[in-house]
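Values in this text are rule-based calculations from the coordinates and carry no lab data. What you see is a predicted model, and the numbers here were worked out from it, not measured in a lab. Here the Cβ is made from the backbone with ideal geometry for all residues, glycine too, and neighbour counts use every protein chain on show.
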Amino acid sequence: MNRITQANQILAEQLIDSIMKDYDAVGLAACIIDETGYTQYEIFKGYRDLETKKPVNEDTIFGLASVTKSFTAMAIMQMAEKGIISLTDPVSKYIPEFTNKNTQPVTIQHLLSHAGGFFPTHRTTMKEVIEKYNLKISGDPAYNVELAEKGAEAVCSLLDEQTMEKGLHGLPGERMSYCNDGFGLLSEIIRRYGGHDSYAEYLHEEILVPANMTRSFCDFIKPTIDENASILYFKEDGELKGHRDYMDNAFVLNGGGAMKSTLHDLKEYLYIYLNEGKTMDGERIIKDTSIREMCKPRQPHSRFGYYGYGLYTDILHDLNVIEHGGSLPGVSSNIAFTYDNDCAVIVLCNTSDVPVSVISNALLKMYAGYSPISTREYREYPWDKETILKALGTYCSLEDSSFELFQNEDGTLSIKDENNTRAVIPVSPNTAIIRNKYSDTFLKLIETEERGVFAIQYGSRVIPKQ
C-alpha cells in the first residue's frame, strides 16, 4: 500500500541527492511498482553521458552486475522443474572438470546459496582467459562456446586447489561466503544442459522474451553501440573517468554478473516475483513453489539476514525484504521486493561503489509510511581481552583486497584497508558493525576449536586471516 507522504518523499530525495554528491554519481534511475505493475513512484537523476549531458530515462541501459545471480537462480529452478537437473545433485555430475576431490560433495543447491565452502578466489575475467588462450572471438563473447569452456576449466582448477588446510572455510552447507565462481559454474550447467547454445541465449529465450524484456541481455557489444546505454563511470586515483567497455572486470562465466537492463524492463522482471512466477501478460514462466524456494532463508548473512537461492532476505522495520545488489566498474544496482507491502523497488546507477541499497531501503520505507532515514542504533557489546587478541590481525582475500583489524590506544577497535580507516563497534560476543557514512558493514569472527579465529565474515564474504 502506498503510504508516501510529502515529508518522507522530500527526505528520501534529499538522501538520494546527498549520496549522489558524496559518491560523484553521474546518473541514476529508480522506481517503486506495486503488485499490479503500476509505477507508484519514479525518479531520474543526472546523465547517462556526462560529456553530452544526455539524461537518464526508463529505457537507458545499465549494467546489473550481481543482480544477474537472481536470473541464474531462476533459470536453474526452471530446469529443475523440468527434471533436467536436481538441486541435490553434485556439481561434478554436470561439470566433470570440477573434481570436488578435497571435500564432501558440493551440490547445485550449495552453489545457489554461496555455501560451497570456498574462500573468495582470484577473479577470472573474460579478458584474462581470452589473452591466456589467444582466443579469436567472432561476434559477442557472451555466446562464444570456447570462451565458456576455457573459463569453466580455469574456475574449476581454482576451486579444486582449495583444501581444508588451505582454501576452504568449512564443509559444504556449513556457512555462506559470496562466491562468483559458484554462480559461474551454475551458468555453465545452464549452458550445457538448458537446451540452448549459451547461457545468454537461455536467458533470452526462457526468461527475457516471455517477460517482454526487450532491452535486456548478456551481450557485451550491444551496449557499446546503443545510443541510450550508460557510459560506465568509476574513480581512478581520485579522478572520475568513464568508458563503454562493458567487459571491464567481467567474470568469464556470465551467470555471476553479465546482465544489462533498463528500469522499464526490470519492472517486468520484478512483477514476476510479486506475482510468484507470472508475467504481466499472465504467462507462467516458473512455478510459484520455485519462487518461494528462491526466497526461502537458507544461509545466515549479516546480523539478521539470510541468503536464499540467488536472493538475499532481510528485515526492514516490519517488512520481510528480498533483494540483490550488484557492483562492477561503472555499475551500482539493486532490486528489492516485499510481499508484506506488495511492492518492488529498482535502483540503477552508472557509477561504481554508490550505496544504492541505502536508496532502495529508503524508498521501501517511504512507500510503507516510515521515515526513509535510518537511525542505525545498536546496543554495544564490548569484546573481552581474549576475544580482541584472537581477532586482531591482517585478513587477505584472493580477490585482491586486504584489511587490518587493530586496537586503538583508547581500547576501541578499528579496521583499515587501502582506502580508509573505520570504527568497529562490537554488538555481540563475536560480531561487530563497521560504521560507514550511510550504511554499516557486518563483521563476524569465524572460529573453530581446531583453527581458532581463522577468518572473518566481512559483509558477504569470509576472508581468511593471514
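Quick check on my link table: of 45/222; 437/465; 127/260; 93/287; 93/150, which ones sit more than 21 Å apart, alpha carbon to alpha carbon? Intermediate results must be reported in sequence, preceding the final value.
Values: 45/222 24 Å; 437/465 26 Å; 127/260 18 Å; 93/287 25 Å; 93/150 18 Å.
Beyond 21 Å: 45/222; 437/465; 93/287.
What is the Cα centroid distance between region 226-304 and region 305-351, reported in whole angstrom?
That distance is 10 Å.
Determine the dipole magnitude for the chain: charges of +1 sit on the beta-carbon of Lys and Arg, -1 on that of Asp and Glu, nothing else is charged, the reference point is the Cα centre, and the result goes in debye to the nearest 20. Can you show the working numbers first?
On the way: 46 positive and 66 negative charges, 98 e Å.
Its charge dipole is roughly 460 debye.
Once Lys and Arg get +1 and Asp and Glu get -1 on their Cβ, which of 52, 367, 249 lies farthest toward the positive end of the dipole of the chain?
367
Express in nm, to one decimal, how much length is gained between residue 450 and residue 399 on full extension, taking 0.36 nm for each residue of separation and deducting their alpha carbon distance.
15.8 nm
Determine the calculated [θ] at 222 nm for the chain from helices alone, applying -39500 (n - 2.57) to every DSSP H run no shorter than 4 residues and normalising by the residue count; nearest 500 deg cm²/dmol.
-7500 deg cm²/dmol
Normalised by the number of residues in the chain, what is the relative contact order in percent for Cα pairs under 8 Å and 6+ residues apart?
That works out to 20 percent.
For a footprinting-style exposure proxy, rank 259, 126 by other Cβ within 10 Å, fewest first.
126, 259
How much of the DSSP bridge set in region 397-455 is antiparallel, in percent, rounded to the nearest 5?
100
As a footprinting exposure proxy, order 87, 405, 389 by other Cβ within 10 Å, with the fewest listed first.
Ascending number of Cβ neighbours within 10 Å: 389, 87, 405.
Please work out whether region 385-464 counts as rounded, prolate or oblate from its C-alpha gyration tensor, where a ≥ b ≥ c are the square roots of the eigenvalues and a/c under 1.5 means rounded, while otherwise a/b larger than b/c means prolate and anything else oblate?
rounded
Check which residues have an amide H placed less than 5 Å from residue 462's amide H, if you skip close sequence neighbours.
Answer set, sorted by chain and number: 178.
Could you give the length gained on full extension between residue 437 and residue 163, defined as 0.36 nm per residue of separation minus the Cα-Cα distance, in nm?
Working it through step by step, the gained length comes to 94.9 nm.
Provide the per-residue ³J(HN,Hα) series for region 84-89, in order, calculated from phi with Karplus coefficients 6.51, -1.76, 1.60 and θ = phi - 60°, each as a whole number of Hz, with x at glycine and proline positions.
Along region 84-89, the couplings run 6, 9, 10, 5, 8, 6 Hz.
Which ³J(HN,Hα) values in Hz, rounded to whole numbers, follow from the phi angles of region 457-466 under the Karplus curve 6.51 cos²θ - 1.76 cosθ + 1.60, where θ = phi - 60° and Gly and Pro get x?
7, 10, x, 8, 10, 9, 10, x, 7, 6
For 396, 343, 295, what's the fewest-to-most ordering of other Cβ within 10 Å of each Cβ?
Sorted ascending by nearby Cβ count, the order is 396, 295, 343.
Considering Cα pairs under 8 angstrom that are at least six residues apart, work out the relative contact order of region 314-424 and quote it in whole percent.
Relative contact order, region 314-424: 13 percent.
Give me the percent relative contact order of region 22-73, please, defined on Cα pairs under 8 angstrom at least 6 residues apart. Walk me through the intermediate numbers first.
Values: 55 pairs, mean separation 14.3, N = 52.
Taking the mean separation of contacting Cα pairs over the length of region 22-73, I get 27 percent.
Among (1) 60, 57, 44; (2) 63, 52, 40; (3) 80, 51, 43, which one is Cα extents along the principal axes in Å computed from these coordinates?
Entry (1).
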